[in-house]
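Below you'll find the structure, written out as structure tokens, and then a few comments.
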Amino acid sequence: MNFKKSFIIIGFFVSFISYSQNKKILYGFAEMPHTLMVNPGAETNFKFHAGIPAISGLYFNIGSSEATISDLFLSDNINFSTKFISLAERLTERDFLDFNTKIELLNGGYRLNEKMYLTFGLYQEIDFVGYFPNDIVDFAYYGNGLNVHKTVHFSQLKFRGDILGVIHAGLSYKVNKKLNVGGRLKIYSGSLHISSTNNTGTLSTVEGENSIYNHYFSNINININTSGALNENDELNVGVGDVISNAFFSENIGVGIDLGFTYHYTPQIEFTGSILDVGFVNYSKNVKNVSRVGNHRFDGIEIMFDESNADYWLPLDKDYLTELDSELNANIPREIKTNSFVSWRPIKFNGAVRYSFGRSRSKECYDETYKEYYSNSVGLQLYAITRPLSTQVASTLFFEKSVNERLHAKLTYTMDSYSFANIGLGMSAQFGRFHMYGLLDNILSMSDLTEIKSASLQFGFNLIFD
């Protein structure tokens, strides 16, 4: 893959398509096994559970903070270049991509005694966040002529991505009738990493004397850290086979913890909270860290367009890229190092308050006490995740209905960075020992996928022994 030619295309799309890690329907839902993955202090009343391998928990989420598929690909006799310009003008440097997907390969749990429930498993995760480099894309598309006396800020270049495997073990502990706490230890195995988050420097264009324009690179300090992403020619080259094989047997090792609690203020009022992925990965295998540092002035960038082709929207050609690369390498040289580096995991916060009401029933718990269950509950959930530019937050109102001991439903209304009208629905059902659940977000927009801005699907299958 030619990284230079593809940068603008990749940068554009990763800046307006957005994915989320907010599992708002799963959090606190129906006291089923996978609620422990988002709150290790959640309560459980079964003796042990076993997730069906590879399908015990699958999570897929896609969304967009500003664009839909129809903005670029709707068949309306408007050429792609015009659509691209129209959409790009709506984007700012705060538009982002936040992509996360998780596949559970193994998930299980076993009750050690009346107070402690042990969980364990492993999963593979992909996590990426990238922000729209508005100044850079604007300069690359329109060229220098329309950017005279404008400043390109390289601090807008922010992205970070990981593909890793996670082995985990956790413990949920009942302190007393009101309080349940839990924790989970995670061992990370990093398969691939690429990041660039703390860049500085500017590019300014002014009218020159001996040529059309003068260009000034000032205080440039651009760094890109990679592991398993660049080949021997320092080009972006990701091998799917290598990524999969290194997911659990990599030399890039890290550790992390999850913590959570459940507190019953009264039998009907419950508070819960969790903090997830407090940890890091130390990348030391197949490391290539690329940097450019310095200052430089040069003259005469001229970007050529193919005026005969209405859809030729990328104003770059091979000669231009070669000339620019040679100029920069001579005056702001590229340096490649193989030093190990540490990447901190994005920390997730969850919190909720729940009020239960309706028909009540008592169920004998594992510690020979009785807990009151209610057929209905309502509440408020809050979510946040740390990111390079700013913390992303979301709030969710929910209503949960227990049809009987084995069948539960949850309806959610979420306000976040992408929408103020996101309706989600979750179902959890148990037939004998067999348990299944499905969670679908943004259900009101499913009738026209070309206009949808966000959607998520999560489902899984387990065996539960009460």
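Using a 1.4 Å probe over the heavy atoms of the protein chains, calculate the carbon and sulfur portion of the accessible area of segment 159-202 as a whole percent.
Working: 990 of 1500 Å².
On segment 159-202, the fraction of accessible area on carbon and sulfur atoms equals 66 percent.
Give the Rg/Rh ratio for segment 81-233, taking Rg as the radius of gyration of the Cα atoms and Rh as the Kirkwood radius, to two decimals.
Numbers: Rg = 24.2 Å, Rh = 19.9 Å.
Rg divided by Rh gives 1.22.
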Might you tell me the accessible area per residue for segment 168-222, computed with a 1.4 Å probe and given in Å²? 44 Å²
Pairwise label distance in nanometres, L457 with E31, each label 7 Å out on the Cα-Cβ vector: 3.1 nm
Please report the spacing between the Cα centers of segment 166-203 and segment 261-275 in Å, no decimals. 22 Å
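The values are calculated or read from the model by the stated rules, or taken from the named source; none is laboratory data. Predicted model only: the values in this text are computed from it and were never measured. Using ideal geometry, Cβ is built from the backbone for each residue, glycine included, and neighbour counts are taken over all protein chains shown. The protein model used for the area step is the full one, side chains on, heavy atoms only, and it has no ligands, DNA or RNA in it. Shrake-Rupley method; radii C 1.70, N 1.55, O 1.52, S 1.80 Å.
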